[in-house]
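First comes the structure, then the notes that go with it.
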Amino acid sequence: MRLNASAPPRRSTDRLPLVLTAVLLLVGGLLLAVPDRAGAAADVLISQGRPAASSSVEDGTFGPEKAFDGVSTTRWASAEGVDPQWIRVDLGPSATVSRVKLVWEAAYAKAYRVEISADGTTWTRLATETAGNGGTDDWTGLTGTGRHLRVYGTARGTSYGYSLFTVEVYGTTGTTPPPTGAFTVVAAGDIAAQCTASSSSCAHPKTAALAQRIAPSFYLTMGDNQYDDARLSDFRNYYDKTWGAFKAKTRPVPGNHESYDPAGAFAGYKSYFGAIAYPQGKPYYSYDQGNWHFIALDSNSFDDAAQIQWLKDDLARNTRGCVAAYFHHPLYSSGGHGNDPVSKPVWQILYAAKADLVLNGHDHHYERFAPQNPNGQAAADGIVEIVGGMGGAEPYDIETVQPHSQKRISGSYGVLKLDLTDTTYTWQYVGVDNQVKDSAPTYTCH
């Protein structure tokens, strides 16, 4: 049990005269009474209710958010018998941390680190414990600045896992204004199953509510917006009841299910979205936001010479510094559909134009890849690909992990929250429980 990690104050053996003592007490009281005096304002709790993530959970009742909910009887618990394990919290754009208080359950850490990070990838150590014995560990006198804080357990104190009733982070939150041109986009694919909010297992009402809470500049979808055959009646009965609430701010593309409509391929899709999905008269189009150029493509017809020529011409006309493309079928995927070579010629065109980001659906899981070229080789100037097919359709299992796949999540519905500036981009995969399931590094546009 660690009650104070700071060096104890030096105690004097001399007795101060009573008068001097009284004066010091009076001055101290005056300083505390003036809130804008240096050192007067105590650091505050900045972690409560913030988005949390963890390496694992024992089961769904012990999620990482329980360590930050302000309730002393709820807790996070990791899987048993495995080292290392971690729990982390997103403190917002920037925070300065001065204190971290941990209250362990019986399953405590014998050895762990408290770390902070600006991007969720590179971590700086704030404190280290090598002989923990559970109870309460109160690390004070810390100095660290970043967005993410984590407790990284390396050795369990018992045969079980790691379990924390409370993680309290104290400090100050940043007031730095967002970078120039900053905006947020919400993205998802494979969305509206044929169900409504009356069914507790229906996911697209939950992903729609999450998407609205994020309140982005606009929404984009990566195909298979409506299951199973994307009839107009199905769009009206299902998609429109949830994601349709922000249809006017949505920039969709079609998936293969939109082509199954008995009334004709894309008939329901085109009737429902109209000019929103066909702003340039075709199911592929482009638009700009800030310093970003977005390209929406129809991967059902990548063999269409007219679309390919349009893509080349569109990229040649582009004057923005950052480029993102989105379409349904991913070139690389670790899910049931796997890699889809139909997208490789488009990747070659995008790569030659120094595109930065590609978003896909089709496989019903979340996955992010390190930058790579069209041949699947790691490359500093490569394209970052995200599969975001967890918008509401039944999840698919991860089957064959592909090279350069950095993170995979299946079974947890959610949306991509993309944060973009004039020169950078990053994102989080946010679950319908409001918890951040994955945070990406911050990339710089090519």
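Restricting attention to segment 179-218, the residues being assigned to a loop (DSSP other than H, G, I, E, B) and not aliphatic (A, V, I, L, M) number 15. The residue that is most open to solvent (accessible area, probe 1.4 Å), among those in segment 138-162 that are more than 17 Å from P84 (Cβ to Cβ) and of a type outside the set (A, V, I, L, M, F, W, C), is T143. Here A352, A378, A393 are screened, and the one residue that is out of contact with any Lys or Arg (no Cβ under 7 Å at 6 or more places or on another chain), within 24 Å of R320 (Cβ to Cβ) and of a type outside the set (S, T, N, Q) is A352.
For A193, the stated conditions hold: it is in contact with an Asp or Glu (Cβ under 8 Å, 6 or more places away or on another chain) and surrounded by 15 or more Cβ atoms within 10 Å (Cβ to Cβ).
For every residue, the table says whether it meets (1) in contact with a Ser or Thr (Cβ under 8 Å, 6 or more places away or on another chain); (2) at pLDDT 95 or above; (3) among the hydroxyl-bearing types (S, T, Y).
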{"position": "A352", "(1), (2), (3)": "no, yes, no"}
{"position": "L357", "(1), (2), (3)": "no, yes, no"}
{"position": "P371", "(1), (2), (3)": "no, yes, no"}
{"position": "P374", "(1), (2), (3)": "no, yes, no"}
{"position": "M390", "(1), (2), (3)": "yes, yes, no"}
{"position": "Y396", "(1), (2), (3)": "yes, yes, yes"}
{"position": "H404", "(1), (2), (3)": "no, yes, no"}
{"position": "Y413", "(1), (2), (3)": "yes, yes, yes"}
{"position": "N434", "(1), (2), (3)": "no, no, no"}
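Within segment 82-93, being open to solvent by 50 Å² or more (accessible area, probe 1.4 Å) and part of a strand (DSSP E or B) holds for W86, P93. For D229, indicate whether it is open to solvent by 20 Å² or more (accessible area, probe 1.4 Å), touching a helix residue (DSSP H, G or I) at 6+ places or on another chain (Cβ under 6 Å) and at pLDDT 95 or above. In short, yes. Among the residues of segment 106-130, those identified as open to solvent by 70 Å² or more (accessible area, probe 1.4 Å) and either of a type in the set (A, V, I, L, M, F, W, C) or in contact with a His (Cβ under 7 Å, 6 or more places away or on another chain) (or both) are A106, A118. Among the residues here, A187 does not qualify as open to solvent by 20 Å² or more (accessible area, probe 1.4 Å) and either closer than 21 Å to N434 by Cα or in contact (Cβ under 8 Å) with a residue 12 or more places away in the chain (or both). For segment 102-112, enumerate the residues that are within 25 Å of the chain's Cα centre (by Cα) and under 24 Å from V44 (Cβ atoms). If the condition is that a residue be within 25 Å of the chain's Cα centre (by Cα) and under 24 Å from V44 (Cβ atoms), then L102 is the only one that fits.
Report yes if some residue within segment 199-213 is charged (D, E, K, R), out of contact with any strand residue (DSSP E or B) (no Cβ under 7 Å at 6 or more places or on another chain) and either closer than 24 Å to Y326 by Cα or open to solvent by 30 Å² or more (accessible area, probe 1.4 Å) (or both); otherwise report no. Yes, some residue in segment 199-213 is charged (D, E, K, R), out of contact with any strand residue (DSSP E or B) (no Cβ under 7 Å at 6 or more places or on another chain) and either closer than 24 Å to Y326 by Cα or open to solvent by 30 Å² or more (accessible area, probe 1.4 Å) (or both).
Taken together, the residues in segment 232-257 that are of a type in the set (A, V, I, L, M) and either under 21 Å from the mean Cα position of the chain (by Cα) or buried (at least 20 other Cβ atoms within 10 Å of the Cβ) (or both) amount to 1. Can you confirm whether segment 33-45 contains a residue that is modelled with pLDDT of 85 or more, within 23 Å of Q428 (Cα to Cα) and aliphatic (A, V, I, L, M)? Among the residues of segment 33-45, not one is modelled with pLDDT of 85 or more, within 23 Å of Q428 (Cα to Cα) and aliphatic (A, V, I, L, M), which makes the answer no. If G135 meets every condition in (1) open to solvent by less than 10 Å² (accessible area, probe 1.4 Å); (2) in contact (Cβ under 8 Å) with a residue 40 or more places away in the chain; (3) of a type outside the set (D, E, K, R) apart from one, which number is that one? If we test G135 against (1) open to solvent by less than 10 Å² (accessible area, probe 1.4 Å); (2) in contact (Cβ under 8 Å) with a residue 40 or more places away in the chain; (3) of a type outside the set (D, E, K, R), just (1) comes out false. Among residues belonging to segment 377-435 that are part of a strand (DSSP E or B) and of a type in the set (D, E, K, R), point out the one that is farthest from H257 (Cα to Cα). Among residues in segment 377-435 that are part of a strand (DSSP E or B) and of a type in the set (D, E, K, R), the one farthest from H257 (Cα to Cα) is D419. Against the conditions (1) part of a strand (DSSP E or B); (2) closer than 30 Å to Q226 by Cα; (3) open to solvent by 50 Å² or more (accessible area, probe 1.4 Å), T96 satisfies every one except (2).
The values are calculated or read from the model by the stated rules, or taken from the named source; none is laboratory data. Please read these numbers as outputs of a predicted model, since none were measured by experiment. Every residue, glycine as well, gets a Cβ built from its backbone with ideal geometry; the counts of neighbours run over all protein chains shown. Areas reflect the complete protein model, heavy atoms only, side chains present, ligands, DNA and RNA absent. Shrake-Rupley method; radii C 1.70, N 1.55, O 1.52, S 1.80 Å.
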